[in-house]
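Engineer: Provided herewith is a single structure, encoded as C-alpha cells, for subsequent inquiry.
The values are calculated or read from the model by the stated rules, or taken from the named source; none is laboratory data. Because the structure is a prediction, the values reported are computed rather than measured. Positions of Cβ are backbone-derived with ideal geometry, glycine not excepted, and every protein chain shown enters the neighbour counts. Heads up: the accessible areas ignore ligands, DNA and RNA and are worked out on the full protein's heavy atoms, side chains in. Shrake-Rupley method; radii C 1.70, N 1.55, O 1.52, S 1.80 Å.
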Amino acid sequence: MSGEIYFSNNYRDLCVRNGTGAGFQFEFSCARCYDTWRSPFEAYVGERAATWLGKGVDVAWSLLGSAGRGVSSAADGLAGAGWGQARDHAFQQAINNAQGHFNRCARCTDYVCGRCWNAAQGLCLRCAPDTAAEAMAAQQRGLNDMASQRAYTAGQQAGQNYDPTTSRQLVCPQCRTETHGAAFCSGCGYHLAQSAACASCSAVVPDGAAFCPGCGTRR
C-alpha cells in the first residue's frame, strides 16, 4: 500500500480509539441522494489487548505493584504507536470495498451510488439526467405553468368589476375586527368606509348621517 490515500470528502470516520470496543469503521455517502454505506467493523486488536491487560493489572495491583503499572503503560504505548498505521490500512480497505458501491462521475468528480448513476453515459444523474424522468418533469411544469396562466387571466377578468377607488377599511374602528374590505363589520355590524361626500351633489356628509344634508339623498 502506498503512503498516500486518495478519496473525496463524502465519508465519516466512525473509528473508536479506546476501550474494549476499539476498532475501525467508515461511513460513505452518495453526493446526490446522501444514502450511506458503512464498511464492516474491524476490531483494533492492539488497543483491546492493552485494555484487557490494564484491567488485569488493576485486579492484580496488590501482587504486581509498580511493575504491573509499567507493564500496562508499555502496552498502552505500543497500542498507541500502531493506531495510525492500522487506521490507514483499515481506511484503504474500506475505500476498496466502497468502490463496489459508488461510482465517480467523470464530469463533476462526485461519488454517487448505483441509483444515482447513469451507466449508459458514465456520468451521475445530476450531470446526465434520465431522459424519461426529465420529460415527465417538464410536462408537469408545463401543465402547472399553463394552469397558473389561465388562473391569472381569470383573475384579471374578475378584476374588471373591482373598483379600486372605493374606500375600504380592513379593520373595524369600533370593535377592531378584521373586515377584509367588506361593507359591514362581521363582528358588530358597523357600516364601514362610508364616503364623506354625497354621491348626488358631492356635499360633505357628516360621519354617522343617514341622509345628505344638501340634497336629502339617502346615504
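Engineer: Assuming V112 fulfils every condition listed in (1) assigned to a strand (DSSP E or B); (2) loosely packed, with under 10 Cβ neighbours inside 10 Å; (3) hydrophobic (A, V, I, L, M, F, W, C) apart from one, which condition is it?
Structural biologist: (2)
Engineer: Can you tell me which residue among A133, A137, A128 is free of Cβ contacts under 8 Å to residues at least 40 places away in the same chain and assigned to a loop (DSSP other than H, G, I, E, B)?
Structural biologist: A128
Engineer: Another question about this same structure. Return the total of residues in segment 87-104 being touching a helix residue (DSSP H, G or I) at 6+ places or on another chain (Cβ under 9 Å) and open to solvent by less than 40 Å² (accessible area, probe 1.4 Å).
Structural biologist: The total comes to 1.
Engineer: Do we find a residue being touching a residue at least 12 places away in the same chain (Cβ under 8 Å), over 30 Å from W37 (Cβ atoms), among the acidic types (D, E) and open to solvent by 40 Å² or more (accessible area, probe 1.4 Å) anywhere in segment 188-208?
Structural biologist: Yes: segment 188-208 contains one or more residues that are touching a residue at least 12 places away in the same chain (Cβ under 8 Å), over 30 Å from W37 (Cβ atoms), among the acidic types (D, E) and open to solvent by 40 Å² or more (accessible area, probe 1.4 Å).
Engineer: Also, quick follow-up: Report, by residue number, each residue of segment 116-125 that is surrounded by 16 or more Cβ atoms within 10 Å (Cβ to Cβ) and free of Cβ contacts under 8 Å to residues at least 40 places away in the same chain.
Structural biologist: Within segment 116-125, W117, N118, L123 meet the criteria.
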